[in-house]
Amino acid sequence: VMKSLRVFYEQRRMLFLISAMVLSVVVILAVLFSMLTSRSIVQPLQVLTSAFRDVGEGNLETQVSIHSGDELENLSNTFNDMVLGLRKKETMSKFLTGMEMEEVDAISAGTKDISMFGDKRTISILFCDIRSFTTLCENYDPKIIINSLNYFFDQLIPLIEEHGGSLDKLIGDCIMAVFENREDYNGADGALQAAMAMQARLKTLRPQMEAVGMPEFHVGFGVNTGECVVGNVGTSDQLSRTVLGDAVNLAARVESLSKEGKSTCVLFTEYTKQSLRLKVEHSFLMETIVKGKSVPVSIYEVEESELDRFQEDSEEKES
């Protein structure tokens, strides 16, 4: 009996050894397969996580390349499409004015619907134009003109937003900006302060521009305040937000008269003067009759002392 059992025990022990070896191999293969599988998932996820982090930090040049042939590849393609859309939006924003960007942001945030209707608001309008710009274009290389104009805009337009206004449009070398009255903000004050700050800034920039071969820019300003129609104009496919009305036309007319200025060439109408809360040193310049009107409008000019004050403040900020 014992002899026959010995054979059985040997066979059982051998079976156990074989089973243990097979189980060990299976376990090792399972672990290796798991590691390979998890690696093929974890690595692409790490790449995507890093890419999302880069986009969150403002790097819209980020792209991911995952060729796994599964859902992760689809996710990477979706990510690349999203970044491309953001890049397009950022590029388009460079071609939109301040008023248009405010409208786009409000509609995108869901706080406003696209409207083809206008409404009336009290707004101060600022026009700024470079004197004899056509002559400058004839006497300078086109590259220098464009470079100088872009530098001019880059330095002056931010002062509009700094004083609570929005860029409405660029008309060649002319800047049109709007300053809308709000509960805690007076548009007339903002428009006139912006004009003074821009003229003072240009006074500082002029010698710097000339030193690097740029043309000498001299500008005039016209500011008017009145009731305007505000709305989106254009087609159903392309809209532009702007302001319309006699108040706008008068502001443009006043800017054209700024060449008659005696000191600062920063002119404003009696309507802006009536709306001012800010004390600004100024003097009466002339009366003008706008086309289609019979009553003359008084035009005033900001005194040089006001520009000196802005220039001193600007120099203090830079220092």
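The values are calculated or read from the model by the stated rules, or taken from the named source; none is laboratory data. Remember, it's a predicted structure, so these values are computed and weren't measured experimentally. In this analysis, Cβ positions are derived from the backbone assuming ideal geometry, glycine residues included, and neighbour counts consider all displayed protein chains. Areas reflect the complete protein model, heavy atoms only, side chains present, ligands, DNA and RNA absent. Shrake-Rupley method; radii C 1.70, N 1.55, O 1.52, S 1.80 Å.
Miscellaneous remarks
- Working note: Cα atoms of the range 219-302, range along each principal axis, descending, whole Å: 47, 29, 25.
- Centre separation in Å (Cα based) which lies between the range 270-311 and the range 159-230: 15 Å
- Counted residue by residue at 0.36 nm each, then reduced by the alpha carbon distance between them, the extension gain from Leu244 to Ser283 reaches 11.2 nm.
- Protection proxy ranking, highest mean first, for peptides 241-251, 214-224: 214-224, 241-251, where packing is the per-residue count of other beta-carbon atoms within 10 Å, averaged.
- Fraction of accessible area attributable to carbon and sulfur, the range 115-154 (%, probe 1.4 Å): 54 percent
- The accessible-area ordering, largest first, of the residues Phe52, Phe79, Phe310 stands as Phe52, Phe310, Phe79, per a 1.4 angstrom probe.
- Restriction of the chymotrypsin sites (Phe, Trp or Tyr not before Pro) in the range 126-201 to DSSP coil positions whose beta-carbon has at most 16 other beta-carbons within 10 angstrom yields Tyr140.
- The range 161-206: GluC sites (Glu not before Pro) in DSSP loop, at most 11 other beta carbons within 10 Å: Glu183
- Local electrostatic count at Asp129 - Lys and Arg +1, Asp and Glu -1, tallied over other residues with Cβ under 9 Å: -1
- Efficiency of FRET between Leu15 and Leu60 - r from beta-carbon atoms, R0 41 angstrom, step 0.05: 0.05
- Relative contact order %, the range 124-192, counting alpha carbon pairs below 8 Å whose residues are six or more apart: 41 percent
- A DSSP coil position with no more than 13 other Cβ atoms inside 10 Å describes none of the trypsin sites (Lys or Arg not before Pro) in the range 142-234.
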